[in-house]
Amino acid sequence: MGTKWFTPNKEISKTLYTTAGLVVFILFLAVWSILSYGGLVNPVFLPTPTAVLATAADLLIHGDLLSNIGISFTRVLAGFLAAAIIGIPLGILMGSLKIMEGAFEPIIGFIRYMPASAFIPLLILWIGLGEPEKMSVIFLGTFFQLTLMIMDVTKNVQNELIEVSYTLGAKKFQVYTKVILPASLPGIVDTLRITFGWAWTYLVVAEIVGASSGLGYMIMQASRFLQPDKIIVGIITIGILGLLTDMIFKGIYRASFSWMRKDGF
């Protein structure tokens, strides 16, 4: 029975799938507990799970954790939506029209290797230290990868479907709305799920300069005052928010494209 677990592409039950993730989480928590409660690591560097929970509760009840969550989520959502609004149609056009791919793929492929944090000094000069600057960092961190991934998804649309649509009398615009977009939509939703996760990773970078609120600001302030418990609370909070958005996209995918699923759950 156990040999099937390590067979490539072999399906397993949902219960086993969930149990595997739970076991790894428990092992992680056990190692953390041994290192912290056992005094193997200085609390200044690694506080105990109990201390982190107490700090989280205090920040939630008496602190500004909720307001920081709301501010950071707004920044991430705004930057990501801007990237998606521009990147999805551009990626579709690049994946379906060679002239668009030739025009934009080289420059996008070039810029995507540049770290978004390197643009912060320029963004401060161009648009100041306000909210647009922070949203722009998240935009730059996700737009280029998102666009190229959408392009690849669109390229995978079978050419036979397009040829058949022309044979049946479809116009060029109808080919996009009736064939290319519906065929690409599952891949587009999955790409949005992945890149939204990347958007969260750029949050601390976006809030590292000129911010006075947000989870990234909270983490940076805690690091200056040697508050590792507060740092961990901020990191875990970002992770939970990212996981929740990932689950939302997975739910949308399952509800909209159940015919694409192979695992049955």
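The values are calculated or read from the model by the stated rules, or taken from the named source; none is laboratory data. Computed from a predicted structure; not experimentally measured. Here the Cβ is made from the backbone with ideal geometry for all residues, glycine too, and neighbour counts use every protein chain on show.
Among (1) free of Cβ contacts under 8 Å to residues at least 60 places away in the same chain; (2) part of a helix (DSSP H, G or I), where does Ile88 come up short?
Status for Ile88: all satisfied but (1).
Results for (1) of a type in the set (A, V, I, L, M); (2) in a helix (DSSP H, G or I); (3) over 20 Å from Lys230 (Cβ atoms), shown as yes or no for each residue.
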position: Thr18; (1), (2), (3): no, yes, yes
position: Val24; (1), (2), (3): yes, yes, yes
position: Leu27; (1), (2), (3): yes, yes, yes
position: Asn42; (1), (2), (3): no, no, no
position: Ala54; (1), (2), (3): yes, yes, no
position: Asn68; (1), (2), (3): no, yes, no
position: Thr74; (1), (2), (3): no, yes, yes
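Could you tell me which numbered condition Thr245 fails, if it satisfies all but one of (1) more than 22 Å from Pro89 (Cα to Cα); (2) of a type outside the set (D, E, K, R); (3) touching a residue at least 60 places away in the same chain (Cβ under 8 Å)?
(3)
Say whether the condition of being exposed (fewer than 10 other Cβ atoms within 10 Å of the Cβ), free of Cβ contacts under 8 Å to residues at least 12 places away in the same chain and either charged (D, E, K, R) or touching a Gly at 6+ places or on another chain (Cβ under 9 Å) (or both) is met by at least one residue in the range 6-28.
yes
If a residue has to be of a type in the set (Phe, Trp, Tyr) and either in the same structural domain as Ser223 (by TED's automatic domain parsing) or at pLDDT 85 or above (or both) to count, how many in the range 1-49 make the cut?
5
Of the conditions (1) among the β-branched types (Val, Ile, Thr); (2) farther than 23 Å from Thr245 by Cβ; (3) in contact with a helix residue (DSSP H, G or I) (Cβ under 7 Å, 6 or more places away or on another chain), Val52 satisfies every one except a single condition; which number is it?
The number of the failed condition is (2).
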